[in-house]
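To start, the structure under review is shown below, and the notes come after it.
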Amino acid sequence: MKIANIIFLEAPAGVGFSYDLSNDYSTNDDQTADDNYLALQDFFSKFPSLKSNDFYIAGESYGGIYVPMLTQRVLKDPRGIQLKGYAVGNGALDFNILGNALVFFGYYHGLYGLSLWTRLTSNCCNGSVSQQSCDFVDRETDECEKAVQDAMEVIYQEHLNVYNLYDRCEDDGGRVRGSLASSSSRYHRSRQLMARSVNFTRHWDNLSVTPPCIDSENVKRYLTREDVKVALHVENSTLEWDECSNVLNYSAQYRSMKNVVKELVDSEQLKTLIYNGDIDMACNFLGDEWFVNTLGYKGAGHMVPEDKPVQALQMISNFINNTPF
């Protein structure tokens, strides 16, 4: 241990090796938060000696929903848990804000040129170009809809790594993916996943959608080894670990965590850390920065610990130890 011990929660039930005894894999944001809260209570009932330790909740991506909601539940009814703070990395904290910011992000990074940007701002902005006046999410006119679709075609083109814009886009096994692979089923499933994040589809039937540009082959091999399954106490499981579950029917309930995060901050009982890698497009830094600004407080690659492990460790260490960044 360098700075902390970690409890990894596989949630919702049906993710990884987790399962539901009733085989009911229809779930939602509230149910997942409730299940995670009960899982923590169960953990500390089995290991009561750990309950006196300082406790932090952290996650990334859709953890922008999971983390604040679980933190809210623990704060309301800690039952002895020494909750000190929470951290969200590249979080899906507000889908509308992230979707709007993504179009700005694409232009600022030169993914499309002035011609498309002019179409976007002429048809989707209300006379001026700003966070407040542009609406690339609701897209009230056909002209705006077509311009945003063209922008998404560029942003989510097959050879771009949406999680780390300047990194290689690798398939399972480390194969670099390019335009010749655009007909692959993995590519089309990946684009469906990204469309969901931008347009906020509320109900997701079967979440077995492979994230783009992720080489998970070695992780899959490791987690399906019999000795590893024994060590994890899942040797009798009929489940096989995969990146994304193929059994879940998930209903996303919340477009924004603004009210929840504001409640947590206003409690004045917790430390809050919202951080971003600056070249992630899936949950871009600009959108999360705008989200923080909407809270009304002054000052404030998608998988940061993987891309920058040394810097991420220092950041989390400073956060836990209350040391300036």
*Which of the residues belonging to the range 137-166 are touching an Asp or Glu at 6+ places or on another chain (Cβ under 8 Å) and under 14 Å from Ala282 (Cα atoms)?*
Asn161, Val162, Tyr163, Asn164, Leu165
*Are there any pairs, at least 6 apart or on different chains, whose C-beta atoms fall under 9 Å, with the first in the range 309-325 and aromatic (Phe, Trp, Tyr) and the second at pLDDT below 75 and surrounded by fewer than 14 Cβ atoms within 10 Å (Cβ to Cβ), and if so, which?*
Phe319/Phe325
_One residue is enough: does the range 1-9 have a residue meeting the conditions at pLDDT below 95, of a type in the set (S, T, N, Q) and in a loop (DSSP other than H, G, I, E, B)?_
yes
*Going through the range 135-162 one residue at a time, which ones are surrounded by 19 or more Cβ atoms within 10 Å (Cβ to Cβ) and more than 24 Å from the chain's Cα centre (by Cα)?*
Cys144, Ala147
*Please find, among Val74, Val148, the residue that is touching a Lys or Arg at 6+ places or on another chain (Cβ under 6 Å) and closer than 25 Å to Tyr62 by Cβ.*
Val148
*Which one is modelled with the lowest pLDDT among residues in the range 217-239 that are among the hydrophobic types (A, V, I, L, M, F, W, C) and in a helix (DSSP H, G or I)?*
Val219
*Can you name the residue in the range 28-73 that is hydrophobic (A, V, I, L, M, F, W, C) and in contact with a strand residue (DSSP E or B) (Cβ under 7 Å, 6 or more places away or on another chain) and is also surrounded by the most Cβ atoms within 10 Å (Cβ to Cβ) among such residues?*
Val67
*Evaluate the range 86-95: report whether one residue or more is assigned to a helix (DSSP H, G or I) and under 17 Å from Ile274 (Cβ atoms).*
yes
*Please work out which residue is surrounded by the fewest Cβ atoms within 10 Å (Cβ to Cβ), limiting yourself to the range 229-258 and to residues that are among the β-branched types (Val, Ile, Thr) and under 18 Å from Phe8 (Cα atoms).*
Val230
*May I ask you to say which residue of Asp242, Asp288, Asp278 is in a helix (DSSP H, G or I) and either within 20 Å of the chain's Cα centre (by Cα) or at pLDDT 90 or above (or both)?*
Asp288
*Matching entry among Val265, Val260 (being more than 30 Å from Ile214 (Cα to Cα) and touching a helix residue (DSSP H, G or I) at 6+ places or on another chain (Cβ under 8 Å))*: Val260
*asked:* Condition (residue is closer than 19 Å to Asn164 by Cβ, among the aromatic types (Phe, Trp, Tyr) and under 17 Å from the mean Cα position of the chain (by Cα)) applied to the range 82-92: is it met by at least one residue?
replied: no
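The values are calculated or read from the model by the stated rules, or taken from the named source; none is laboratory data. Just so it is clear, the model here is predicted, and its values are computed rather than measured. With ideal geometry, Cβ positions are generated from the backbone for all residues, glycine too; neighbour counts draw on all protein chains shown.
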